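The values are calculated or read from the model by the stated rules, or taken from the named source; none is laboratory data. Given the structure is predicted, the values throughout are model-derived calculations rather than measurements. Here the Cβ is made from the backbone with ideal geometry for all residues, glycine too, and neighbour counts use every protein chain on show. Accessible surface is based on the protein model in full, side chains and every heavy atom, while ligands, DNA and RNA are left aside. Shrake-Rupley method; radii C 1.70, N 1.55, O 1.52, S 1.80 Å.
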Amino acid sequence: MKKDYNRKREFEQPEVPEDAFRIEGRNALIEAFRSGKEIDRVYMLERSGRTEEGSLATIRREAAKRGTPIRFVTRERLDQISETGNHQGVIAFAAAYSYAEIGDLFARAKEKGEPPFFILLDSIEDPHNLGAVIRTANTAGAHGVIIPKDRAVGLTATVAKASAGALNFTPVARVTNLARTIEELKEKGMWFVCADMDGEPYTSLDLRGAIGLVIGAEGSGVSRLVREKCDFVASIPMKGEINSLNASVAAGVMAYEIVRQRG
């Protein structure tokens, strides 16, 4: 029995990733999936009144296999972001740089003879912030960065530039579900701390050992489900009129507290 995808969907106004590789057309995207190319996200024309068949159904299957998010948009918006004028109802954006596997991060820690230290980012959408965090991860000696596939920026050329070259040395893994990944990493002996203004002062926590530092998006912070998976919630004192920090700055403060305690 075929699935009917004709239920009501909310249209989304897609953000066009800066300098990301763009794939337009059904066959081109199917071939990209089958070649193993990392696809950040797919924007597809809403098709009302009929069941998706043929190449569009194939795209949905290939995306589902890889956990690639699909967003439904209007034809007008697809026309606006199309470069070829022949998108056939689908445009995708692929990563400009390759992603690592979680195992690569553990291998890096083992190679250095250190307990694992990962930085996990919960829905960071600003490429400059992601690049800055990758740069901090490198300078603080973190063994890698973990980002979610959905509702988060991928590895674009802008991210690479903002990282000041650190992306060439610091592995970035991308996962389907951040909360589930935390659970899996806990089974491997890791502890997790997230930054939140309602937590305990970060200097009062023991952040030694195998640790994962979780940083949330500006404004929304760490999501409830991810926060619940963390062992510690740490706050950074705020002395001024502004009560929040840029995500990359918060990552820097927390990362270097981990460096201090390890040292």
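Of all DSSP-defined beta bridges confined to the chain, some 25% are antiparallel rather than parallel.
The helix-only estimate of mean residue ellipticity at 222 nm for the chain, built from DSSP H runs of length n ≥ 4 each weighted as -39500 (n - 2.57), is -10000 deg cm²/dmol after division by the residue total.
Under 5 Å between amide hydrogens, built in the peptide plane, is the criterion, and for Arg71 it picks out Val42, Tyr43, Met44 among residues at least 5 positions away or on other chains. Highest mobility in the GNM of the chain, judged by mean-square fluctuation with C-alpha springs under 10 Å and restricted to Pro69, Pro171, Pro127, is found for Pro69. Loop-resident trypsin sites (Lys or Arg not before Pro) (DSSP state other than H, G, I, E or B) in segment 188-236 with no more than 16 further Cβ atoms inside 10 Å of their Cβ: Lys188, Arg208. For segment 191-199, backbone phi angles converted through the Karplus equation (6.51, -1.76, 1.60; θ = phi - 60°) give residue-by-residue couplings of 10, 10, 10, 10, 8, 7, 5, 8, x Hz, Gly and Pro being listed as x. Span-like helix check, the chain: qualifying full DSSP H segments, with Cα axial length of 20 Å or more and mean Kyte-Doolittle of 0.0 or more, are 247-262.
Under 5 Å between amide hydrogens, built in the peptide plane, is the criterion, and for Ala100 it picks out Val172, Ala173, Arg174 among residues at least 5 positions away or on other chains. Just checking the listed ones, Met44, Met190, Met238: in the Gaussian network model of the chain with Cα springs under 10 Å, the one fluctuating most is Met238.
The mean accessible area for residues of the chain, using a 1.4 Å probe and ignoring ligands and nucleic acids, is 51 Å² per residue. Any of Lys186/Lys239; Lys110/Lys239; Lys110/Lys229; Lys149/Lys188; Lys112/Lys186 with alpha carbons more than 28 Å apart? Name them for me. Over 28 Å apart, Cα to Cα: Lys186/Lys239; Lys110/Lys239.
Among 195-201, 161-167, sorting by the average number of other beta carbon atoms lying within 10 angstrom of each residue, highest first, gives 161-167, 195-201. Along segment 231-236 the Karplus relation, 6.51 cos²θ - 1.76 cosθ + 1.60 evaluated at θ = phi - 60°, assigns HN-Hα couplings of 7, 10, 10, 10, 10, 10 Hz to successive residues, with x for each Gly and Pro.
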